[in-house]
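Let me begin by presenting the structure, written as structure tokens, before commenting on it.
The values are calculated or read from the model by the stated rules, or taken from the named source; none is laboratory data. Please read all numbers here as calculations on a predicted model, not as lab measurements. Reconstructed Cβ throughout: ideal geometry from the backbone, glycine too, with neighbour counts over all protein chains shown. Heavy atoms of the whole protein, side chains included, go into the accessibility calculation; ligands, DNA and RNA do not. Shrake-Rupley method; radii C 1.70, N 1.55, O 1.52, S 1.80 Å.
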Amino acid sequence: MPRLAPGDLAPDFTLATADGSQVHLADLRGQRVIVYFYPAAMTPGCTKEACDFRDSLSALAAAGFAVVGISPDEVAKLAKFVEAEQLTFPLASDPTREVLEAWGAWGEKKLYGKTVTGVIRSTVVVGADGHVEVAQYNVRATGHVAKLRRDLGVA
């Protein structure tokens with residue numbers, strides 16, 4: 001799958017979220033949005049990454065960023081994840097993988113030395129105008145949010 005690059009127009013999406021509503025990327029125009037893709041709710045790495053975003057949310061929001069997490073998990077599993085970890089930003093469900101594919105976050109990756117097809121842990125920062133500012137693929141769960149904050153100049 002092709003990956004997004006700075007300057008690309010971010011593909012629009014509408015996805016169901018853990019709280020039963022929907023998140024529309026178009027509704028977030030006018031602000032910068034961090035869209036991150038993760039393989040599976042309630043796994044150690046994904047929990048660490050989600051909690052890091054949760055713990056950084058006030059600083060990110062103060063700097064003008066919204067955060068949306070996307071995985072192929074069903075809404076019911078996302079709802080349990082949100083409740084268990086007290087997550088305070090939208091987690092969206094993409095069971096058909098259409099959004100994952102459109103954003104370059106689905107494809108071949110190495111997992112324990114084997115090539116598999118699945119979610120490529122990725123983060124894309126979308127500018128207020130809907131264009132990609134930052135596209136990071138194959139990021140590590142641990143330490144990623146701190147590095148992203150440094151890259152974006154968010155204290």
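Considering only protein heavy atoms and a 1.4 Å probe, what is the carbon-and-sulfur percentage of the accessible area of the range 35-155?
53
Taking K and R as +1 and D and E as -1, what net charge do the other residues with C-beta under 10 Å from the C-beta of Ser93 add up to?
-2
Let me have the relative contact order for the chain, percent, based on Cα pairs under 8 Å that are six or more residues apart.
About 33 percent, as a whole number.
At 1.4 Å probe radius, can you tell me the per residue accessible area of the chain in Å²?
Result: 48 Å² per residue.
Give, as a single signed number, the net charge of other residues whose beta carbon lies under 13 Å from the beta carbon of Gln31, with Lys and Arg counted +1 and Asp and Glu -1.
Local net charge: -1.
In whole Hz, what ³J(HN,Hα) sequence does the range 14-31 give by Karplus (6.51, -1.76, 1.60; θ = phi - 60°), x for Gly and Pro?
Ordered by residue, 3J(HN,Hα) equals 9, 9, 6, 10, 4, 8, x, 9, 10, 10, 10, 4, 4, 5, 9, 4, x, 10 Hz.
Cα centroid distance between the range 1-32 and the range 67-144, in Å?
Computed from Cα coordinates, the inter-centre distance equals 12 Å.
Would you kindly calculate the translational diffusion coefficient of the range 1-87, applying Stokes-Einstein with the Kirkwood radius from alpha carbon pairs, for 10 °C and a viscosity of 1.306 mPa s, and quote it in µm² s⁻¹ without decimals?
113
Show log10 I(q)/I(0) for the chain at q = 0.17 Å⁻¹, two decimals, from a solvent-free Debye sum over equal Cα scatterers.
So the normalised log intensities work out to -0.96.
Residues in the range 37-73 near a label at Arg140, defined as backbone nitrogen under 20 Å from the 7 Å Cα→Cβ point?
37-40, 43-56, by backbone N distance to the label point.
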